[in-house]
Amino acid sequence: MSRVFITGSTDGLGLAAARQLIANGHEVVLHARSSERAQAISGLAPKSLGVVVGDLSSGAETRSVADQVNTIGRMDAVIHNAGIYSEPARGDTPEGHPKILAVNTLAPYILTALIERPKRLVYLSSGMHQSGGGELDDIDWRRRQWNTNRAYSESKLHVAALAATVARYWPKVSSNAVDPGWVPTKMGGAGAPDDLHQGYQTQVWLATSSDEGADSSGGYWYHGEQRKPAAEVTDSDYQNTLVQTLGRLTGIKLF
């Protein structure tokens with residue numbers, strides 16, 4: 001039995017993974033953006049180890065989420081599932097960042113740094129990360145004209161590279177990125193062509209399975225198979241620049 005924390009587990013892939021893990025006999029810590037959103041999992045919450053609450057677009061609330069998880073106890077695995085896709089404008093989080101960057105990139109970085117180190121880490125990326133390459137000097141979108149598709153693609157490249165960086169620096173931790181596919185969730189839309197079941201099974205497997213390969217590290221996975229990610233993901237210079245940039249934006253040092 002494993003103890004697993006899943007961000008963004010009130011709906012979509014996060015909720016599906018949570019239900020599967022609980023059905024498999026694992027202890028699951030759920031996460032909701034707000035107390036109102038926590039009501040959506042009121043039926044599942046009694047079967048869980050607990051529900052932590054915090055808006056990942058806020059750095060302060062993300063730190064609070066880490067504190068709440070650490071109070072519950074050390075996790076065996078953390079699935080960084082929470083993500084957002086479409087924002088009509090850059091906007092500002094409480095710390096002045098675009099919401100897509102805050103939720104998809106900064107929050108996984110902060111939680112990785114502040115949650116007591118687990119045995120396994122799983123980061124949800126996307127096939128769109130292949131279009132997210134480029135310089136890292138304006139990931140905060142201070143100078144560029146806002147483009148939500150570009151911002152999302154960049155954030156998913158960041159998180160895939162973060163997974164690979166953690167694998168390099170923390171050799172005793174299994175750290176992987178997963179492309180769940182374009183699945184019919186609230187984010188993906190009802191017409192999404194990929195299989196929802198396949199969309200969450202890989203992260204469940206990577207988080208808990210004793211199968212050969214499930215405890216590997218540094219991989220980029222799609223529906224149970226490793227795939228080659230964008231070149232930046234495994235580029236140590238890109239990784240180091242990314243981590244330095246995220247450390248500057250958050251005020252938190254990871255390595």
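Every read-out reported here was derived from the displayed coordinates using simple, explicitly stated rules and does not represent laboratory data. These numbers come from a predicted model, not from an experiment. Using ideal geometry, Cβ is built from the backbone for each residue, glycine included, and neighbour counts are taken over all protein chains shown.
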Less than 16 Å apart at the alpha-carbon level, and either on another chain or at least 8 residues along: which aspartates and glutamates does that give for Lys119? Glu27, Asp76, Asp211, Glu212, Asp215
Lysines near Lys228 by alpha-carbon distance under 18 Å, same-chain residues fewer than 8 away left out - which ones? Lys156
Once the Cβ-Cβ distance between Glu225 and Trp170 is put in as r, and R0 is 41 Å, what FRET efficiency do you end up with, to the nearest 0.05? 0.95
Projecting each Cα onto the charge dipole of the chain (Lys/Arg +1, Asp/Glu -1 at the beta carbon, about the Cα centre), which of Trp170, Ser155, Leu111 comes out farthest on the positive side? Leu111
Could you bin all the Cα-Cα distances of the chain into 10 Å bins starting at 0 and give me the percent of pairs in each, rounded to whole numbers? 8, 34, 40, 17, 1
Label-to-label distance, nm, for residues given as Gln244 and Ser42 (7 Å Cα→Cβ offset): 5.1 nm
Does anything in region 28-50 have its amide N under 17 Å from the 7 Å Cα→Cβ label point of Thr71, and if so which residues? 29-36, 38, 49-50
If you filter region 103-152 for chymotrypsin sites (Phe, Trp or Tyr not before Pro), then keep DSSP loop positions with at most 14 other Cβ within 10 Å, what is left? Trp146
Remind me, relative contact order of the chain in percent, using alpha carbon pairs under 8 angstrom and six or more residues apart? 18 percent
Extension length gain for Arg142 and Glu212 (0.36 nm per residue less Cα distance), in nm, is 20.7 nm
Which trypsin sites (Lys or Arg not before Pro) from region 97-156 combine a DSSP loop assignment with at most 11 other Cβ atoms within 10 Å? Arg142, Arg143
FRET efficiency, 1/(1 + (r/R0)^6) with R0 51 Å, evaluated for Ser64 and Asp235 via beta carbons: 0.95
